[in-house]
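Have a look at the structure below before the remarks.
The values are calculated or read from the model by the stated rules, or taken from the named source; none is laboratory data. This one's a predicted model, so the numbers in the text were calculated from it and none came from an experiment. Counting neighbours? That spans all protein chains shown, and the Cβs are built from the backbone with ideal geometry, glycine included. For the accessible areas, the whole protein counts, side chains as well, though only heavy atoms, and no ligand, DNA or RNA atoms are used. Shrake-Rupley method; radii C 1.70, N 1.55, O 1.52, S 1.80 Å.
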Amino acid sequence: MEKKKTICIMADFGWAPYAWLREADELPPYVGLNIANAKTGFYDKEFGILKILEKELSTWSIDYGKNCNKKDFDWKRFNDVGLILSKKVKVIVGNKYNVEYHNSMEDPNHNGDSIIVVE
């Protein structure tokens, strides 16, 4: 992967954060500083993320916050949607940023390196 900043897509608790920015000299599994959540969307319009995609990411992250601790939470479906959304982000940001999808620590299948580089 070329040395450039990386947008990491990962749902978390709070205001349903879903995007993080890692500097080029920082390494995974660190995701970086939060740059988008369900309340504010992406803090900086330089990323060019469309409002409709921000809404999809928000809905996805809110679902996580409300349901991830339930026994019947469908982690496969959740991660499949997260990866699809990550690919949409990559299409928009193109080669300006690397994009990764990070599985949640709450995911019972998370093994410490559950990171997918989005091409």
Query raised in the report: Of 96, 76, which residue is over 20 Å from residue 22 (Cβ atoms), loosely packed, with under 14 Cβ neighbours inside 10 Å and out of contact with any Pro (no Cβ under 9 Å at 6 or more places or on another chain)?
Result: 76
Report task. Tell me, please, whether a residue that is open to solvent by 70 Å² or more (accessible area, probe 1.4 Å) and in contact with a helix residue (DSSP H, G or I) (Cβ under 6 Å, 6 or more places away or on another chain) can be found in region 18-37. Result -> no
Query raised in the report: Pairs under 8 Å by beta carbon, first residue closer than 10 Å to residue 38 by Cβ in region 59-74, partner open to solvent by 40 Å² or more (accessible area, probe 1.4 Å) and assigned to a helix (DSSP H, G or I), six or more apart or different chains?
Result: 60/81
Query - strands (runs of 3 or more DSSP E) wholly inside region 22-119 that include at least 2 residues being under 22 Å from residue 4 (Cα atoms) and at pLDDT below 95 - result: 115-118
**Report entry** Which numbered condition residue 84 fails, given (1) touching a residue at least 40 places away in the same chain (Cβ under 8 Å); (2) within 11 Å of residue 9 (Cβ to Cβ); (3) not charged (D, E, K, R)
**Finding:** (1)
